[in-house]
Amino acid sequence: MKLSICIPVYNFDVNQLVSDLQNQIDSDQLDAEIILIDDASIKEIIDRNKNLENKVSRFIFLDHNIGRSKIRNLFLKFSESEYLLFLDCDGKIISKNFLKNYSDFIKEKNPDVVFGGRKVDKIKPNPEYGLRWKFATERENLTLKERLKTPYSSFQTNNFIVRKSILKKNPFNEGITQYGYEDSIFAKDLFKIKVKIDHIDNPIFNNDVETNEIFLIKADQSAKSLAQLIKKDKNVERISKIKLAKAYFRLKKTGGIFLYQLIYKLSKSFIQKKLLGGHASLKVLDFYKLGQLIGYMNKER
């Protein structure tokens, strides 16, 4: 069994991450390789990571950005391993047995898909970074016990292993070109064809701290991505199970779209200010995302 560690790189220095992974490969004598694909990062980041070309199995540099879904599918072209381990480039290894834990689980269980979990700093950051931290602690950083209750909706793409044959048959939806929901759609596709998602306690630390402004931009992008999916994807049932889409369809069914949009337009500037301040609850963020989704849905197709 050979494992390909696949890291899509975008505007982040991955030298430490690669070094930590290689040390574990060497110390545990694992049959594994590291593959990097840079998704058209800025020159400064490319220069910082360039030295890794001779330290990993493959380092591919793309001349234009292809997005989070397409770049993950692209790793199929360069990996010959039975399993692919996908890690976000801003991740940090926090367990000395991180790779061995996955390797042992694969040997024992012969799984199709495994999610290891994620963590962020327990210490609350300054308010300007509070929104992303709050979202992570309240909705993403679930314990293994919590994830096992809802294995498909708890799946994320920052730290997971997938059998190559499964990814070939069920690639990431390349219609999602911006940030948001590629993990949800992938998990729902697996559920439909009855591919089990296993969960283990093998988290990676989210090493990139985003400002409220950047996170709000990503929230807007995710709303736009969801609008594109609703308009283009014929599998409405799959999309309707996404929490935000479910709220939109409920409003549409009850005729509440116009009223919601009116209230949202009147309160949008206040809501944005509250979110950027870092003290707002995630319900305020949900209100913002639904308002943005409605706006994108009302635009020309």
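Touching a helix residue (DSSP H, G or I) at 6+ places or on another chain (Cβ under 7 Å) and not basic (Lys, Arg), is that true of Leu17? In short, no.
Among the conditions (1) surrounded by fewer than 18 Cβ atoms within 10 Å (Cβ to Cβ); (2) within 30 Å of Leu276 (Cβ to Cβ); (3) touching a helix residue (DSSP H, G or I) at 6+ places or on another chain (Cβ under 6 Å), Phe205 misses just one, which is (3).
Within the stretch 87-105, can you find the residues that are surrounded by fewer than 19 Cβ atoms within 10 Å (Cβ to Cβ) and not in a loop (DSSP other than H, G, I, E, B)? Of everything in the stretch 87-105, those that are surrounded by fewer than 19 Cβ atoms within 10 Å (Cβ to Cβ) and not in a loop (DSSP other than H, G, I, E, B) turn out to be Lys92, Lys100, Asn101, Asp104, Phe105. May I ask you to verify whether Phe160 is closer than 21 Å to Leu276 by Cα and crowded, with 18+ Cβ neighbours inside 10 Å? Answer is no for this residue.
Okay, residues lined up against (1) crowded, with 20+ Cβ neighbours inside 10 Å; (2) among the aliphatic types (A, V, I, L, M); (3) assigned by TED's automatic domain parsing to the domain that holds Tyr152; (4) not in a helix (DSSP H, G or I):
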| site | (1), (2), (3), (4) |
| --- | --- |
| Asp201 | no, no, yes, yes |
| Ala219 | yes, yes, no, no |
| Ala227 | yes, yes, no, no |
| Leu259 | no, yes, no, no |
| Leu262 | no, yes, no, no |
| Lys268 | no, no, no, no |
| Asp286 | no, no, no, no |
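Confirm whether Phe135 is more than 27 Å from Phe59 (Cα to Cα) and among the hydrophobic types (A, V, I, L, M, F, W, C). When the stated conditions are applied, Phe135 passes them.
Of all residues in the stretch 124-177, exactly one satisfies the criterion of being in contact with a strand residue (DSSP E or B) (Cβ under 8 Å, 6 or more places away or on another chain) and among the acidic types (Asp, Glu), namely Glu140.
Selection of helices (runs of 4 or more DSSP H) fully inside the stretch 126-169 by the criterion of at least 2 residues being in contact with a His (Cβ under 9 Å, 6 or more places away or on another chain) and modelled with pLDDT of 95 or more returns 144-149. Just one of (1) surrounded by 19 or more Cβ atoms within 10 Å (Cβ to Cβ); (2) closer than 16 Å to Leu84 by Cα fails for Arg58. It is (1).
The values are calculated or read from the model by the stated rules, or taken from the named source; none is laboratory data. Since the structure is predicted, the reported quantities are computational estimates derived from the model, not experimental observations. Please note: Cβ atoms are built from the backbone with ideal geometry, for glycine as well, and neighbour counts cover all protein chains shown.
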